[in-house]
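Down below is the structure, laid out as structure tokens.
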Amino acid sequence: MAPPPRAGDRIDTHALSLAEVHGSVPTHALGLPFWRRLGAFMGPGYLVAVGYMDPGNWATDIAGGSAFGYTLLSVILLSNIMAMVLQALSAKLGIIGGMDLAQACRARYPRPVNLALWILCELAIVACDLAEVIGTAIALNLLFGLPLVAGIVITAFDVLLILGLQRFGFRKLEAFVIALLAIIAGCFAAQLIFAQPSLTGILDGLVPRTEILTNPAMLYVAIGILGATVMPHNLYLHSAIVQTRAVVPTPEGKREALKMATIDSSVALFLALFINASILILAAATFHSAGRTDVAEIQDAYQLLSPMLGVGVASTLFAVALLASGQNSTVTGTLAGQIVMEGFLNIRLPMWLRRMVTRLLAIIPAAIVAGLYGESGTARLLVLSQVVLSLQLPFAMVPLVQLTGDPARMGPHANRGWLKYAAWMICAVVISLNVTLLWSIFTG
């Protein structure tokens, strides 16, 4: 394996993605039992799943559940199905194509296009980081009484967490993320037991309704959910971190790796579906059913959960899960930022510098809004950040679908048949929803 580049070094188009951990995780021989082979590939999918349940999801899911009951569950379900398809394509690009999405774009498109894609992706990462900053600050406020502005400033130092974790190897980083995901899932499983939601309402909410498209307020939240679920930077992230596995460099070895990576991400995204749906179901069962359709802020949800459910620990579990969610998202956002900068700009920065630049770009607007408008301002900023992510999603999706459908790059693994049409249909749906949202905004 080639030595990793030093900070500030220029790297060529075909440089290793995340060179310091590329191929660092051994995989088992093809003849071993299925579960042992799958175990070696489990991990990247959970890092990707983190982006599908970050604090931005909480804001949109709480707003959707309290205002519209179970209706928007169908949006979460459809978004998750889209995510499974797109993440499978992302893994395919990394394993079969041998490049992450940023590198593949740099090799395929002219420089002006690449610069535009890079800027849009950086904006998406900042929007995502903004949600993590606000979510972590809110959790610190709820658990320890820290003022929002102080909590936002403290998040600048979580770069030390990332640097510390990476010293122990990529598998340890994955284990840390999975442990936090287990905490989040456990907290919400307990809260659903407390809330006792309507099974009929849940099943009815999983069926899409035309009302979602015709009601501007519902459409705004629905697109926020879409933006919070299918995140642009996750497509770049997944195509890189699947390359941490030492894949056997044969057609059979690559097919095996692709199958295992797809199973890994699909299982992890089912966990993300459970958590996202749980947040909306909890809001619908607790707030909407009691006529509190105005609950759109995380702080309000925290204050109301225990008294409305009659369980003192409910609010604490909610805040603990939120803190775990914010810290998890910090890990994957940092990796995505590194991948995007290396792939598009062909240059490498020290991890701490890359992280601090991104975080400061998120901290400044968050601190200003928190100082001027308090809790209500940060809540609106959270939902807005997710809508921004949705608007930027096509600029990551379209290149991914185009690149994985190119026989010259992907050979016999190029998208064909139902997968090809499904991928382009997902692009068309997302773009159509975004156009509808922009039209509704500009026409009032």
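The values are calculated or read from the model by the stated rules, or taken from the named source; none is laboratory data. The model shown is predicted, which means the values in this text are computed figures rather than measured ones. Positions of Cβ are backbone-derived with ideal geometry, glycine not excepted, and every protein chain shown enters the neighbour counts. SASA here: full protein model, heavy atoms, side chains in, ligands and nucleic acids out. Shrake-Rupley method; radii C 1.70, N 1.55, O 1.52, S 1.80 Å.
Of note:
- Here the stretch 37-75 is the region considered, the condition is being among the small types (Gly, Ala, Ser) and not in a helix (DSSP H, G or I), and the residue that is modelled with the highest pLDDT is GLY69.
- For LEU322, the criteria (1) outside any helix (DSSP H, G or I); (2) buried (at least 22 other Cβ atoms within 10 Å of the Cβ) hold in every case but one, which is (1).
- Comparison of ALA185, ALA222, ALA240 shows that the only residue that is under 14 Å from MET53 (Cα atoms) and crowded, with 16+ Cβ neighbours inside 10 Å is ALA185.
- Scope the stretch 87-131; condition surrounded by fewer than 24 Cβ atoms within 10 Å (Cβ to Cβ), assigned to a helix (DSSP H, G or I) and of a type in the set (Gly, Ala, Ser); matching residues: ALA88, ALA107, ALA116
- Residues of the stretch 151-171 satisfying the condition of being open to solvent by 40 Å² or more (accessible area, probe 1.4 Å), at pLDDT 80 or above and over 20 Å from the mean Cα position of the chain (by Cα): VAL153, ILE154
- Members of the stretch 272-296 found to be assigned to a loop (DSSP other than H, G, I, E, B), open to solvent by less than 10 Å² (accessible area, probe 1.4 Å) and either touching a strand residue (DSSP E or B) at 6+ places or on another chain (Cβ under 6 Å) or modelled with pLDDT under 90 (or both), listed by number: VAL295
- Members of the stretch 188-219 found to be open to solvent by 70 Å² or more (accessible area, probe 1.4 Å) and of a type in the set (Ser, Thr, Tyr), listed by number: THR200, THR210, THR214
- ALA107 being touching a helix residue (DSSP H, G or I) at 6+ places or on another chain (Cβ under 8 Å) and touching a residue at least 24 places away in the same chain (Cβ under 8 Å): no
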